[in-house]
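Encoded as structure tokens, the structure appears first; notes follow it.
The values are calculated or read from the model by the stated rules, or taken from the named source; none is laboratory data. In this text, all values refer to a predicted model and were calculated from it rather than measured experimentally. Positions of Cβ are generated from backbone atoms using ideal geometry, with glycine treated the same way; all protein chains shown enter the neighbour counts.
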Amino acid sequence: MCYRYVMQSDALRVLAERLGIARPLEWRSRYNLAPSADVPVVRASPGADGLEMVTLRWGLVPAWTREAEPARAPANARAESLASRPMFRDAFRRRRCLVPASGFYEWQGEGGRRQPYLFRSRDGSPLCFAGVWEAWRDPAGDRVAGTCAIITTAPNGTVRPIHDRIPAILPPEDCPRWLDARVVEPSELAPLLRPLPDGVLTVTAVSTWVNSVRHDDPACLEPARSTDAGGPRAQFTFEL
């Protein structure tokens, strides 16, 4: 699953320009985003043409839930069950978004330790995770809580040796269709949630500094030393 990722300010500006967003967010680089954080998303502008960039809380709360902060607010949604699970199926049809990222982390047990790995695009461009969003309205007041979840799918060859799931990352040509509110049939949307081709991502073993959600600084991106990750290969970025 995807429970931690990176979103740097320069990558967000690049994506906003690429998508033609007139008012990009003012964003401070984050290096260890975790569920319940406010994260930037791109979605169709309600009631207008074009796209908007807003912040939503990571962890989906359906509109029909009684509480804005239920005991379980899933950060991830599996692509295979989006169309059937009550928690996600209406958002899948009508409230889709992109969750931009500079990279994401996954962990693997090595020698009794959890070694983190950072996945990024080979060309350095920002990644666009497919996501869904919801707006929960307080029945006793005017408060509205906007939330989102990242969709995951089967891993590609780069991620498979580390983890059994990967964020559903949309290539630039698929982003407009994913955000098109006129497209509502699951049979038209599901093919977009395929794994990325092999070779698009690179993977780097990084410092265990990122293991703690309290750490949110550039040190999270530092390559692991051989003593951190149990072997010399952890010092390098490699492609699978």
Qualifying residues in segment 110-132 (those that are outside any strand (DSSP E or B) and in contact (Cβ under 8 Å) with a residue 12 or more places away in the chain) - the one nearest to Asp90 (Cα to Cα): Pro126
Any idea how many residues of segment 1-35 are modelled with pLDDT under 95 and touching a Lys or Arg at 6+ places or on another chain (Cβ under 8 Å)? 3
How many residues are β-branched (Val, Ile, Thr) and assigned to a loop (DSSP other than H, G, I, E, B) when one looks only at segment 66-102? 0
Any residue at all in segment 4-18 that is on the phi < 0 side of the Ramachandran plot, in a loop (DSSP other than H, G, I, E, B) and not charged (D, E, K, R)? yes
Quick check, is Asp174 over 17 Å from the mean Cα position of the chain (by Cα) and over 20 Å from Pro74 (Cβ atoms)? no
Answer with yes or no whether Pro46 is of a type outside the set (S, T, N, Q) and in a strand (DSSP E or B). no
Does Phe129 qualify as being closer than 19 Å to Leu12 by Cβ, surrounded by 13 or more Cβ atoms within 10 Å (Cβ to Cβ) and aromatic (Phe, Trp, Tyr)? yes
Does any residue of segment 154-176 turn out to be assigned to a strand (DSSP E or B), closer than 30 Å to Pro70 by Cα, of a type in the set (A, V, I, L, M, F, W, C) and in contact with a Leu (Cβ under 7 Å, 6 or more places away or on another chain)? yes
Filter segment 50-65 down to the residues that are assigned to a loop (DSSP other than H, G, I, E, B) and without any contact (Cβ under 8 Å) to a residue 60 or more places away in the chain, then identify the one that is farthest from Leu98 (Cα to Cα). Trp64
Against the condition part of a loop (DSSP other than H, G, I, E, B), more than 18 Å from Ser81 (Cα to Cα) and either of a type in the set (Val, Ile, Thr) or touching a Cys at 6+ places or on another chain (Cβ under 6 Å) (or both), how does Val184 come out, does it pass? no
Residue that is surrounded by 15 or more Cβ atoms within 10 Å (Cβ to Cβ) and modelled with pLDDT of 95 or more, where the choices are Thr158, Thr152: Thr152
Contact list, first residue from segment 164-187 and exposed (fewer than 15 other Cβ atoms within 10 Å of the Cβ), second anywhere and small (Gly, Ala, Ser), beta-carbon distance below 6 Å, six or more apart or interchain, is Ala181/Ala44; Pro186/Ala83
Note on segment 192-229: residues surrounded by fewer than 16 Cβ atoms within 10 Å (Cβ to Cβ), outside any loop (DSSP other than H, G, I, E, B) and at pLDDT 95 or above are Pro218, Ala219, Pro223
